[in-house]
Amino acid sequence: MKAARGFFARLLRNRMAAAGLLVLALILAVVLAAPILPLADPDATDPARRLLPPFSEGAWLGTDALGRDLLARLVWGSRLSLAVGVAASLLAAVLGSTVGLLAGYLGGWTDTLLMRGIDTLMAFPYLLLALAIVAVLGPGLLNALYAVVVVNIPFFARNVRGVAAGLRHREFVDAARLSGMGSARILLQEVLPNVMPVIVITVSTTIGWMILETAGLSFLGLGSQPPQADLGSMLGEGRKVLINAPHVAAVPGLLVFLIVMSMNLIGDGVRDAIDPRLRTGLPGKPGTATRVERPDVPAGHDGDAGALLDVRNLKVAFDTGSGRNLAVQGVDLAVAPGECLGIIGESGSGKSVTALALARLVPSPPGVITGGVVRFEKDDLLAAPPGLLRRLRGGRIAYVFQDPLTTLHPLMRVGDQVIEAIQAHQRQAAGAARARVHELFAAVRLPEPDRIMQAYPHELSGGQRQRVSIAMALANDPDLIIADEPTTALDVTVQAGILDLLAELRRQRRLALVFISHDFGVIARICDRVAVMHGGEIVETGPVLDVLHRPRHSYTRRLIAAVPVLGRAKEILRTDPLEAPA
Amino acid sequence: MPAYVLGRLLALLPVLFGLSLIVFLIMALIPGDPAQAILGSYATPENVARINRDLGLDRSLPVQYLTWLGNVVTGDLGRSYSLNRPVLDEVLERFSATLILAGAALVLASVLGLLAGIVSAVYQYGLADKLVTFAVLIGISLPSFWLGLLLILLFAVRWRLLPVSGMYAIYGGGGLVDLLWHLILPATTLAVVAAGVIARLTRSAMLEVLRQDFVRTARAKGVSERGVVFRHALKAAMVTVIPVIGIQAGFVLGGAVYIETVFQWPGIGRMLVDAIGTRDILLVQGGVLVVAASYVLFNLLADVVQRLLDPRIAA
Amino acid sequence: MSGAPAVQVRDLVKTYRPRFALFGRRRKPVTALGGVSLAVAPGETLGIVGESGCGKTTLARCLVGLLRPSSGQVLVAGQPIDRLAAEGPAALGRSVQYVFQDPISSLNPRRTIRQTLAVPLRFLAGLPPGDHPARLRELMEGVGLDPAMLDRYPHEFSGGQAQRIAIARALAAGARVVVLDEPVSALDVSVQAQVLRLLVELKARHDLTYVFISHDLAVVEALADRVVVMSAGAVVEEGRPEELFSAPSHPYTRRLVASVPRL
């Protein structure tokens, strides 16, 4: 119930949806009240009063070719059109969702058979199937309704099947089975509630179309038959007197348009209110660089003389619907040329945000850098113009990200992606760039560089993909590589290989490295110094071995105590009095 | 790639079978004596006897289906009694007129929709985005049969800029220029809804893609903003947009029925509506079959383009 | 009965048939498990370690009947699992339970914790609805959570809390064998240590038998009495964790142990 109230609150906050709701409510109120409104008889003909223009005496909207009152016909016609449209979408929703639910949840042959049937229906261009059905059943409003229902069943079946098939393999469905639930119960209690939003969204986005299509069939003379009139058949009649009396067609058409538009507005609102991704407020498209809003630019500070990267008091926040959350609250870091600095912390500590903020890659909105200085040699990156920032990124400062399957472009050959990195910074002919990629792939120990250049990311293993990412980072001989959990998605044996490679490259090329990880073991293996992050702050910095063996801050001590170490792992089972409950 | 196309073709077999069954059922399910229904007012005893012999209408349904399928495969769709000519000739003639109209509309809708969607996404929440969003909302809510009437009233009746209806001028017509001239209003009307749907989808697909990790990677390696939008984001967004263009082709083909009625375009939609009116069942059957089969082939094409774009789709 | 192992696996094979393809490369069937045998004594914790694709999750899912093996046999408390499964979902669920890797997605996002925990009480334990509130409170307290949280939805919990709920669900109907599939891999280290301690405590309190699966050797060493190392669908080595990890004999185990970053 709380969820339902939240849903309506969100729907009404959406001004467009609220407007749609208002228009539709007005129309509904009028058509529902039709029997008690002082309207003329919609079917009473009067040849003496034919084709009166709007605002005529006794006929506000004028009359049609048979002298019937247009206003009365409009109200009664809308009533009919709405009733048919709503009935059609409910029927299509029930039938289509049932097919989709069964196909998706049962899978196997049921799925194949049902979905082949649906494919067959979809093989007909939308309206054509409706025409074929009307051809068999004969013209008539009810037959038009059946036709529209059949034609719309596939939309529901497909959408629902997709979601249901995804849910079938979800852990909570397995868990329900292990908790003793039978299949029918799982379908109704576990799967259906999770499919419901899709059904609601599909209803709200197709109902306008269904009203439009039934009106269309009537317009063609295949739906409602005289004297019964819906909006479509009124339009059809109006078309015959279009040139002499345009209002006869214009008025019912306008009403169809208003109804469909209000339905579409509501449909969009419903979708936005239900879609969990939009629930927290749709973040805008991320810009090229994180927005910087520094109240005061720290002036005249030259920073650490010998440092390659010098970060002072960096603050990063995220705008949410209810204000600004500070994720990084004043971080100081310095990296000397050729040095490896590790940043360690648990999820939510702000370590990844810090790493991304250095080259202003935090998506903005919602991210904002609210203070500090990021000095790379002489330039303050937070004040750098877009051109300079672009030249530095991938040029002298390169990134390696966590999961290379999502961080490489899925539709580009990996060789081309590395070539692009080269050509973004150097004028190089295609041939020379290819040769360079070959060289880079050899440097990161990829076997058969020529074959791998031609591969797409999904054709490579996780370790190979990460080597490609590293090759891409090396493309323009950077001075600094920022690696954000580069081995977290990998198996330990693969991780060991990547760590060895990074360590070796660093020595050979005098690379400075900022290495983000949640794993003390990984940091200890590769870094000179480590900064421990907690709650958006650096609580402790120092040489790795010092921090590991003589942690000064209580959080660092707790963190190290919680890490199981091979050979003495059982120590973590002893309750640590320092530890706070979860 | 050839294996993929072949695989897709094979996967189409059950769909084509289902399709032929549905089309066949149009005739089989007509209430009453099928021969009477097909012939209508031409149902002389000789005609009834001949058609029963030709189509096997006096035999069991499976036999009827096989007879019918055999005829279809050899290009014999029967004879239209209301028009007194072979169904296939009439259908092909009418279908080519529809293809011109629907093809023009689909091209127009795709170009407009893609452009509007990209602009809208790149300038999200800007003025251009708001204008496009508003136009799309109007576009997808307009009943095309009504829009067509309004456009005729304005452009043809009031301003006399464009022809009211038809495919060629009645006197001295013919030729490409004349055709294009007559095509402007109906093709535009038909394109409006599809353009709106494509624009809306392109926008949301672009926005979705621009949030992906690989776009961040592109920015991190210093790719220019134009490269990010066109080389990286658009390419990935097209993977979701192309199937929608395929689906819109079906809506455009179907929607052509209204437009052909409004603009008196001599296409297959108009023919079908008339044939339903005169109960010329063989004509309905032939028309539905030809349009649906071509639509299936068009979707095969869309799948192949999709596969060319996305190597992750397995053969 | 008392002498029987809590879990016994005999020559378990699981192969996945490739998807039917008329054209293109014909793929070979994938062997996820190539004849695995093992036994777990009552009250023992057996650790299973291996890297992704070694078949450890397939094995775990076969143990609780979520996957049907291609051949071989699984016995829980001396009973063949397919016979238990044939008696209906309840018989199996009362004997063996499962804890999933991702705690959040193992809870239905649209049902409250009360609704989720009531399922095994009703269908497995056959508890009358009147007795539910007391038992639910007991379950929550047993895993260190405040019973006042029962009416919340899964998204309102942290990963560690959600995993505690999943553990409570597994214990709700009194199953004595629990298969834990990477139960702490999705958690931060400090939370991980707490959940591991909870598992040890519950085991002692309820006299449980664990099959504990993880890719993290140190975590397995912390919990397991005995450990098997899996690679490519087969058990390559077995032993007490302290000994096995300090002196691995199989080359794969040696490489695995050498790859673990040390503090």
Counting Lys and Arg as +1 and Asp and Glu as -1 over every other residue whose Cβ sits under 11 Å from the Cβ of A:Thr290, the net charge comes to +2
If I compute solvent accessible area with a 1.4 Å probe over the protein chains, what percent of it on the protein assembly as shown is carbon and sulfur?
60 percent
For the stretch B:18-62, run through the trypsin sites (Lys or Arg not before Pro) and keep only the ones in DSSP coil with at most 12 other Cβ atoms within 10 Å of their Cβ.
B:Arg59
Excluding C:Pro103 itself, calculate the net charge of residues whose Cβ lies under 12 Å from the Cβ of C:Pro103, where each Lys or Arg counts +1 and each Asp or Glu counts -1.
-2
Highest first, please rank the peptides B:134-143, A:25-34, C:179-188 by the mean number of other Cβ atoms sitting within 10 Å of their residues.
C:179-188, B:134-143, A:25-34
What is the distance in Å between the Cα centroid of the stretch C:46-80 and that of the stretch A:473-536?
36 Å
Add -39500 (n - 2.57) for each DSSP H run of 4 or more in the protein assembly as shown, then divide by its residues: what number comes out at 222 nm, to the nearest 500 deg cm²/dmol?
-17500 deg cm²/dmol
If you average the sequence gap of Cα pairs under 8 Å that are 6 or more apart and divide by the length of chain B, what percent do you get for the contact order?
27 percent
Over all residues in C:251-260, what is the mean tally of Cβ atoms on other chains that come within 10 Å of each residue's Cβ?
3
Taking the alpha-carbon centre of each part, the distance from the stretch B:103-181 to the stretch A:70-147 in Å is 28 Å
So, R0 is 25 Å and r is the distance between the beta-carbons of B:Gln36 and B:Gln264; what FRET efficiency does that work out to, to 0.05?
0.20
Relative contact order of the stretch A:424-582, please, whole-number percent, based on alpha carbon pairs below 8 angstrom and at least 6 residues apart.
13 percent
Extreme residue, positive dipole direction of the protein assembly as shown, given options A:Asn264, B:Leu115, C:Val13 (C-beta unit charges)
C:Val13
Picking from A:Pro38, A:Ala93, A:Pro551, whose Cα lies most toward the positive end of the charge dipole for chain A (charges on Cβ: Lys, Arg +1; Asp, Glu -1)?
A:Pro551
Per-residue mean of other chain beta-carbon atoms within 10 angstrom of the beta-carbon, peptide A:168-174?
6
Charge sum, other residues only, whose C-beta stays under 12 Å from B:Val229's C-beta, Lys/Arg counted +1 and Asp/Glu -1
+4
Angle between the Cα long axis of helix A:247-274 and the longest principal axis of chain A, 0 to 90 degrees, nearest 10?
30 degrees
Using only Cα atoms, locate the centre of the stretch A:190-255 and the centre of the stretch A:325-372, then give the distance between them in Å, rounded to an integer.
56 Å
Ranked output for segments A:551-561, A:129-139 by mean other Cβ atoms within 10 Å, highest leading, reads A:129-139, A:551-561
Hey, rough spin-label estimate for A:Arg507 and A:Asn313, points 7 angstrom out along Cα→Cβ, what's it come to in nanometres?
4.1 nm
With charges only on Cβ, +1 for K and R and -1 for D and E, what is the dipole size of the protein assembly as shown about its Cα centre, in debye, rounded to 20?
660 debye
Treating the angle as unsigned and between 0 and 90°, give the value, to the nearest 10°, between the Cα long axis of helix B:127-141 and the longest Cα principal axis of chain B.
10 degrees
How well do other chains shield peptide C:102-115, expressed as the mean number of their Cβ atoms within 10 Å of each residue Cβ?
4
Please compute the modelled spin-label separation between B:Ala128 and C:Ala134, points set 7 Å along Cα→Cβ, answer in nm with one decimal.
7.0 nm
Quick test of the membrane-span-like rule: which DSSP H helices of chain C reach at least 24 Å along their long axis (C-alpha atoms) with mean Kyte hydropathy at least -1.0?
C:189-206
Any idea what angle helix A:430-443 forms with the longest principal axis of chain A, computed on alpha-carbon atoms, 0 to 90 degrees, nearest 10?
60 degrees
Cβ-derived FRET efficiency at R0 30 Å, A:Arg5 paired with C:Ala86, nearest 0.05:
0.05
Roughly how many debye, to the nearest 20, is the charge dipole of the stretch A:403-477 about its Cα centre, given +1 on each Lys and Arg Cβ, -1 on each Asp and Glu Cβ, and no other charges?
80 debye
Projecting each Cα onto the charge dipole of the protein assembly as shown (Lys/Arg +1, Asp/Glu -1 at the beta carbon, about the Cα centre), which of A:Phe155, B:Tyr258, C:Thr209 comes out farthest on the positive side?
C:Thr209
Rel. contact order, % - alpha carbon contacts under 8 angstrom, at least six apart, chain A:
12 percent
Using DSSP loop states and a limit of at most 16 other Cβ atoms within 10 Å to flag GluC sites (Glu not before Pro), what is the longest stretch of chain A containing no flagged site?
A:58-292
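The values are calculated or read from the model by the stated rules, or taken from the named source; none is laboratory data. All of these numbers come straight from a predicted model, not from anything done at the bench. Counting neighbours? That spans all protein chains shown, and the Cβs are built from the backbone with ideal geometry, glycine included. Only protein heavy atoms, including side chains, enter the accessible area calculation; ligands, DNA and RNA are left aside. Shrake-Rupley method; radii C 1.70, N 1.55, O 1.52, S 1.80 Å.
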